[in-house]
Amino acid sequence: MSTWNRRHLLGMTDLSRKDITDLLDLAGQFAGVLDRPVRSVPTLRGWTVVNLFFEESTRTRISFELAEKRLGADVVNFSASASSVKKGESLRDTARNIEAMKIDAVVIRHKSVGAPYYLTQQIDAAVINAGDGMHEHPTQALLDLMTIRHHFDRIEGLRIAIIGDILHSRVARSDLWGMTTMGADVVMCGPPTLLPKHTETFPGTWTTDINEALDGADVVYALRIQRERQESGLFPSIREYTQTYGITTDRMKLAKPHAVVMHPGPVNRGWELSDDVVDAENSLILRQVTHGVAVRMAVLYLTAGRDPGSIQIGKHTE
Ligand code: CP
C-alpha cells in the first residue's frame with residue numbers, strides 16, 4: 001500500500017508497486033531526454049534545490065546535481081566539511097537558516113538514521129533522502145530497479161542475490177523493499193556477523209551460504225565492503241571475506257548463464273568483486289550510474305508537484 005504523498009521521498013517502504021512503476025516509467029522518459037543531443041528539459045525553472053551532504057559521495061551528489069540542472073532548477077551545493085557545521089551548528093539550525101534564503105527542496109545525505117524525516121518536521125521545503133545512516137537510500141534502489149527492468153524488461157519473478165555487508169547497508173535495505181515490492185525473488189547473503197538480527201521479520205530468503213545464494217540467480221548484486229567495519233571485528237580479514245564471499249568469474253558460473261552483475265559503488269576491486277567481473281560484458285555497474293540521473297530527475301519532478309501526464313518526452317532506447 002502506498003503511503004507516499006509525493007511531497008518528500010524518505011524511503012522505499014513508503015512506495016507501492018504502482019508508485020515505483022510510475023517513477024520508473026517517468027525516469028524512462030527522462031532517459032530519453034538524456035539520450036538526445038540537448039540533454040535538458042527545463043520544467044523546474046525557478047525551483048531552488050540545496051544538496052545538503054554531511055557524508056562523502058561521488059555518484060549520488062553529482063547525479064542529483066546533474067538531474068537538477070537538466071530540469072532547469074537553481075542548484076546550491078552544501079558540504080558539511082566547509083560549513084558552519086564545523087563550528088557546531090546543528091542540523092536543525094543549518095536547515096532552517098538555508099530555508100530562510102527561500103529554497104524549495106533539500107536533498108540530504110546524513111550519517112544519522114532518520115535525519116531526512118527529522119528535516120520534514122523542521123522545514124517546509126520538500127526533502128529527498130540521499131542516504132541516511134544504515135537506514136535507506138531510496139534513489140539508489142530506484143536506479144537499480146530501472147537498470148534491472150531496462151535489461152530484462154521485467155522485475156517480477158527474477159532471482160536477485162544481494163551479497164555482502166547487509167547489516168550496515170542502506171542500499172541493501174532499500175533494494176530489498178523495492179525488489180520484493182516489484183515481485184522479485186530476493187536472496188540476502190553474507191557472513192553471520194554482517195546480517196541483521198531477526199531476519200525472519202524481513203522479506204526475502206536469508207542465507208550465509210554463497211553457493212545457495214548464487215544458484216540460479218539472474219542478478220548478482222554485490223555490496224561494498226565497508227573497510228571501517230573491519231576494525232570493529234565483524235569479520236577477521238578482507239582476505240578471508242574475499243575467499244568466502246568475493247564474486248569471481250568462477251563463482252558466477254553458479255548463476256544463470258545470462259546473469260548480470262551489479263554494485264552500488266564505489267567498488268573495492270579485488271575484494272567484493274574480482275577485477276574481471278567488474279569489467280565483464282555482463283556488468284551493469286556503469287549503466288546503474290547512467291540511470292541514476294534519469295531516476296533523480298523523475299523524483300525531483302514529482303516532489304516539485306509536477307504532473308507526469310503533462311510531459312511526453314520520448315522513449316529510452318539505448
Ligand atoms: N552509490 C552511492 O551512493 O555512491 P556514492 O556514495 O558515491 O554517492
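The values are calculated or read from the model by the stated rules, or taken from the named source; none is laboratory data. In this text the structure is predicted, and so the values were computed from the model without any measurement. Neighbour counts are summed over all protein chains in view; Cβ atoms, including those assigned to glycine, are modelled from backbone coordinates with ideal geometry.
Here are some notes:
- Set side by side, the residues Met146, Met101 differ, and just one is assigned to a helix (DSSP H, G or I) and away from the ligand (no atom under 13 Å from the Cβ), which is Met146.
- Number of positions in region 46-71 that are within 11 Å of the ligand (Cβ to nearest atom), part of a loop (DSSP other than H, G, I, E, B) and under 21 Å from Leu91 (Cβ atoms): 3
- Considering residues of region 129-176 that are touching a strand residue (DSSP E or B) at 6+ places or on another chain (Cβ under 8 Å) and β-branched (Val, Ile, Thr) only, the residue surrounded by the fewest Cβ atoms within 10 Å (Cβ to Cβ): Thr147
- Residues that are surrounded by 19 or more Cβ atoms within 10 Å (Cβ to Cβ), within 16 Å of the ligand (Cβ to nearest atom) and not in a loop (DSSP other than H, G, I, E, B), drawn from region 259-277: Val261, Met262, Leu273
- Restricting region 72-97 to residues that are of a type in the set (Ser, Thr, Tyr) and in a loop (DSSP other than H, G, I, E, B), the residue that is surrounded by the fewest Cβ atoms within 10 Å (Cβ to Cβ) is Ser90.
- Of everything listed in (1) surrounded by fewer than 18 Cβ atoms within 10 Å (Cβ to Cβ); (2) modelled with pLDDT of 95 or more; (3) under 27 Å from Pro264 (Cα atoms), the single unmet condition for Thr3 is (2).
- When region 105-127 is limited to residues that are touching a helix residue (DSSP H, G or I) at 6+ places or on another chain (Cβ under 9 Å) and assigned to a loop (DSSP other than H, G, I, E, B), the one that is surrounded by the fewest Cβ atoms within 10 Å (Cβ to Cβ) turns out to be Asp124.
- Candidate set: region 155-192, residues that are part of a helix (DSSP H, G or I) and among the hydroxyl-bearing types (Ser, Thr, Tyr); chosen: the one nearest to the chain's Cα centre (by Cα): Ser174
- Whether a residue is touching a residue at least 24 places away in the same chain (Cβ under 8 Å), over 20 Å from Leu167 (Cβ atoms), buried (at least 20 other Cβ atoms within 10 Å of the Cβ) and out of contact with any helix residue (DSSP H, G or I) (no Cβ under 8 Å at 6 or more places or on another chain) was assessed, and Ala217 passes this test.
- Test: residue in region 101-120 that is hydroxyl-bearing (Ser, Thr, Tyr) and touching a Phe, Trp or Tyr at 6+ places or on another chain (Cβ under 7 Å): no
- Matching residues in region 233-268 - criterion: being modelled with pLDDT under 95 and among the acidic types (Asp, Glu): Glu240
- Any hit, region 138-152, residues being β-branched (Val, Ile, Thr), farther than 15 Å from Leu9 by Cβ and modelled with pLDDT of 95 or more: yes
- Out of Ala130, Ala141, one residue alone is part of a helix (DSSP H, G or I) and within 16 Å of the ligand (Cβ to nearest atom). It is Ala141.
- First in region 25-49 and closer than 16 Å to Phe64 by Cα, second anywhere and modelled with pLDDT of 95 or more and polar (S, T, N, Q), Cβ under 9 Å, 6 or more apart: Ala31/Thr290; Leu34/Thr290
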